[in-house]
Amino acid sequence: MLTATQMKQDCCGCMACSFSCPKSAISMKEDECGFLYPEINHELCVHCNLCTKVCPLQNTYTGADAVPDIYALQNHQKAIVSESSSGGMFSLLADWTLAQGGVIYGVSFDEGFQVRHMRADSAEKAAAFRTSKYVQSDPSHIYQTICDDLANGLTVLLTGTPCQIAGVARFLEIKHADTTSLYTCDNICHGVPSPGVWKDYLEILKSKYMDTDAQITSINMRSKRVSWKKQVMDISVSKGNLLPVLEEFSFNKIFLSLFPVRPSCFHCHYTSYKRPADFTLGDFWNVDSAGIKFDVTGGVNEVLVNTEKGRKLFVLIRENAVYQPVSKAAGWQPHLEYSTKAPGNQEAFWTEYSAAADLKTKEALLRKYMKGSTLTRIIRKVNPILQKTGLYSIAGKMYKKVFVKK
């Protein structure tokens with residue numbers, strides 16, 4: 001097991017170690033930043049070393065394919081596209097899985113709007129897994145259940161961040177599970193924000209900006225109310241209107257500042273084309289310069305088909321979408337090559353935030369830091385121009401040479 005110092009950089013919080021321990025000696029504890037980290041009960045530990053063997057950061061887990069097939073894709077069903085963050089590729093995978101009598105594991109909000117991995121055995125339940133949730137999810141409910149579903153012969157689709165997919169895959173290896181009917185899908189990820197900060201954010205909204213008898217009824221962190229390319233956050237409430245607040249104090253802006261992102265994300269083991277999942281999904285931001293020959297209105301997925309298993313499934317589902325093969329250069333994204341760079345004063349943010357005694361102080365700090373570093377603000381401004389002109393990948397590689405440590 002990692003030391004406490006190593007954990008901040010090398011623990012992604014996937015929980016694989018906790019669920020692999022034969023003595024239940026590892027529990028997950030929240031730190032001062034709102035992230036979960038493993039804690040060992042040394043009286044129960046028998047030093048079997050399974051926790052080290054299963055760790056997806058100490059043992060990077062990837063498939064065999066170094067160069068995936070890359071596509072721009074949009075679901076044929078426009079209603080599905082409008083309800084999705086991008087082009088509706090997830091729903092193609094989910095629909096096929098359900099047609100096999102299978103189940104889907106994805107990320108949703110619970111009753112208190114905390115972010116968790118859940119199990120769905122119907123299209124209605126799986127619909128909650130659409131759209132991005134910019135908070136690290138809690139996967140604690142799924143490890144044993146996935147094992148049971150596979151043992152019972154069900155087709156299983158697992159979605160999550162690359163490190164979560166790798167953690168579950170390592171766990172299933174340790175358990176000697178038959179994964180023939182398991183299909184996996186990760187995302188092009190540039191970091192997961194703190195569940196603790198998200199919880200505080202909701203409390204700030206409730207205590208200051210909502211009527212005392214009002215309740216949050218739904219949250220969409222990637223609403224297409226304005227357009228696909230302009231991220232806006234929608235929160236519906238039973239009484240009143242939060243839109244004016246969300247326009248100037250949204251959690252999206254807090255996330256994009258990168259200050260509340262987990263430390264290990266700045267040293268990610270999975271920012272490469274060698275992926276742990278059968279499929280990788282993201283937004284196809286380069287639609288203006290990549291020569292896409294179909295209507296991109298509403299959103300387009302970038303789809304990486306990483307494994308032979310994934311390729312066979314893609315052949316079965318692609319008839320329900322419009323798609324186009326693209327080159328690696330056309331589909332280039334920074335977080336397929338390098339990790340997000342931590343803001344220079346992130347340590348100062350956490351020092352101040354963890355010491356904040358009340359919601360008023362926390363709100364002031366979030367407003368102060370959500371503007372982002374100077375570099376972050378510049379990148380936000382120029383990225384749309386670079387994507388439109390076809391210079392996105394060139395600029396990104398220049399950025400890598402200057403700012404990314406080897």
Restricting the range 321-347 to residues that are assigned to a helix (DSSP H, G or I) and in contact with a Gly (Cβ under 9 Å, 6 or more places away or on another chain), the one surrounded by the fewest Cβ atoms within 10 Å (Cβ to Cβ) turns out to be His335
Within the range 348-359, residues surrounded by 12 or more Cβ atoms within 10 Å (Cβ to Cβ) and either among the charged types (D, E, K, R) or at pLDDT below 95 (or both) come out as Glu352
Picking from Gly331, Gly310, Gly396, the residue that is closer than 17 Å to Thr271 by Cβ and either without any contact (Cβ under 8 Å) to a residue 12 or more places away in the chain or assigned by TED's automatic domain parsing to the domain that holds Val296 (or both) would be Gly331
Of Leu304, Leu316, the only residue that is closer than 24 Å to Leu98 by Cα and assigned to a helix (DSSP H, G or I) is Leu316
Scan the range 152-172 and give yes if some residue there is more than 23 Å from Arg311 (Cα to Cα) and modelled with pLDDT under 95, otherwise no. no
(Q) Take Thr97 and tell me if it is modelled with pLDDT under 95 and either polar (S, T, N, Q) or under 22 Å from Cys147 (Cβ atoms) (or both). (A) no
Every listed condition ((1) out of contact with any helix residue (DSSP H, G or I) (no Cβ under 7 Å at 6 or more places or on another chain); (2) of a type outside the set (Gly, Ala, Ser); (3) at pLDDT below 75; (4) surrounded by 14 or more Cβ atoms within 10 Å (Cβ to Cβ)) holds for Leu386 save (1)
Taking the range 98-126 and keeping only residues that are among the polar types (S, T, N, Q) and either crowded, with 24+ Cβ neighbours inside 10 Å or touching a helix residue (DSSP H, G or I) at 6+ places or on another chain (Cβ under 8 Å) (or both), one is left with Ser108, Gln114, Ser122
Selection from the range 224-236 of residues at pLDDT 95 or above and surrounded by fewer than 19 Cβ atoms within 10 Å (Cβ to Cβ) yields Asp234, Ser236
- Going by the conditions given, is Leu246 in a helix (DSSP H, G or I) and surrounded by fewer than 19 Cβ atoms within 10 Å (Cβ to Cβ)? no
Using the structure shown, decide if Val168 is more than 13 Å from Phe251 (Cβ to Cβ), assigned to a loop (DSSP other than H, G, I, E, B) and among the aliphatic types (A, V, I, L, M).
-> no
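The values are calculated or read from the model by the stated rules, or taken from the named source; none is laboratory data. The model shown is predicted, which means the values in this text are computed figures rather than measured ones. Don't worry about glycine lacking a Cβ; one is built from the backbone with ideal geometry, like all the others, and counts go over all protein chains shown.
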